[in-house]
Amino acid sequence: MEVDILSKYKKAMVASLSKTFDKHEAQSITDYYFDGKVVLEDSLSEIKIEEDINRINSGEPIQYVTGLSFFYGYHFLLNHQVLIPRPETEELVYWIEKDCKPKHGLDILDIGCGSGCILLSLMLKLNAAKGTGWDISEDALKNTEENASKYNLDVSLEKFDVLNDDMNSLRNKYDVVVCNPPYILKSEVDRMGENVVRYEPHEALFVDDANPLIFYQKVISNLPNLLSQNGCAYFETSDLYHESMELFLKDTDYKFEFKKDMQGNWRMLKVW
């Protein structure tokens with residue numbers, strides 16, 4: 001695309017988005033949009049841009065409009081059935097990478113893999129790591145498969161319901177298990193941004209107030225079936241029930257460590 005035409009499109013988008021967003025945010029969204037189009041090598045037309053501007057102005061997240069998310073230095077394709085990767089999750093990936101960097105050929109299991117951003121980022125960063133992804137959603141597994149293909153990574157993917165499927169007779173054990181389960185209480189839905197509630201998949205976001213630890217309890221109780229001899233499990237968690245999680249873990253035989261995110265919230269957990 002010629003530079004002057006691209007500049008024209010960018011200025012038009014900033015002007016239109018500035019009616020809904022402040023100018024700085026409008027510029028940031030515009031930059032994200034056109035950077036994404038370059039990565040995806042998408043062709044552009046005034047009609048398509050206008051359609052996308054309307055979607056953005058209506059509140060649809062830019063990541064879904066472009067079908068692309070930037071995470072941990074990589075570009076990941078994104079469909080509407082998976083969560084938009086968050087910066088806090090990058091901190092979890094960094095912790096795992098730091099712990100595992102010297103090791104070779106690790107077997108990694110991502111429970112609830114979504115877009116595959118966690119699993120695939122680790123496979124790209126770690127030496128000869130092997131990856132397996134579980135998710136209850138076939139659309140999510142398809143999204144992970146697309147991203148794995150994009151980076152020429154060979155991953156094993158399986159539709160798996162952590163709360164109901166049997167983990168007692170698994171074929172493999174893993175050196176690293178990572179899980180970013182639903183952990184936002186359903187009672188918090190009114191406090192969430194409308195763009196999150198309206199567009200992101202609720203089954204990947206929300207957990208029943210009656211037992212917000214249910215996913216953690218299920219996975220941690222099955223770690224003997226999941227982890228190799230010196231394996232570790234990593235989780236993204238919520239600051240809201242940090243104390244309850246700590247009490248639960250103290251009743252197990254596992255060692256554990258919590259970490260805060262850059263906002264000062266308890267957000268990450270390692271269990272071994």
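The values are calculated or read from the model by the stated rules, or taken from the named source; none is laboratory data. Just so it is clear, the structure is predicted and the values come from calculations on it, not from any experiment. Glycine also receives a Cβ, built like all others from the backbone with ideal geometry; neighbour counts cover every protein chain displayed.
Descriptive notes on the structure:
- Hey, Val93 within 22 Å of Leu205 (Cβ to Cβ) and in contact with a Pro (Cβ under 8 Å, 6 or more places away or on another chain) or not: no
- Against the list (1) assigned to a loop (DSSP other than H, G, I, E, B); (2) at negative phi, the condition Ser228 fails is (1).
- Test: residue in segment 120-134 that is surrounded by fewer than 20 Cβ atoms within 10 Å (Cβ to Cβ), in a helix (DSSP H, G or I) and touching a residue at least 24 places away in the same chain (Cβ under 8 Å): yes
- Just so you know, in segment 235-249 the residues that are among the hydrophobic types (A, V, I, L, M, F, W, C) and modelled with pLDDT of 95 or more include one that is farthest from the chain's Cα centre (by Cα), and it is Leu247.
- Any hit, segment 29-42, residues being surrounded by 20 or more Cβ atoms within 10 Å (Cβ to Cβ) and either without any contact (Cβ under 8 Å) to a residue 24 or more places away in the chain or in contact with a Gly (Cβ under 6 Å, 6 or more places away or on another chain) (or both): yes
- Some residue of segment 83-106 being of a type in the set (S, T, N, Q), closer than 21 Å to Asp135 by Cα and within 24 Å of the chain's Cα centre (by Cα): yes
- Long-range neighbours under 8 Å by Cβ, at least six apart or interchain, first residue within 15 Å of Thr252 (Cβ to Cβ) and among the charged types (D, E, K, R) within segment 208-226, second modelled with pLDDT of 95 or more and in a loop (DSSP other than H, G, I, E, B): Lys218/Val162; Lys218/Leu163
- From the list Ile56, Ile49, the lone residue that is surrounded by 14 or more Cβ atoms within 10 Å (Cβ to Cβ), among the hydrophobic types (A, V, I, L, M, F, W, C) and at pLDDT below 95 is Ile49.
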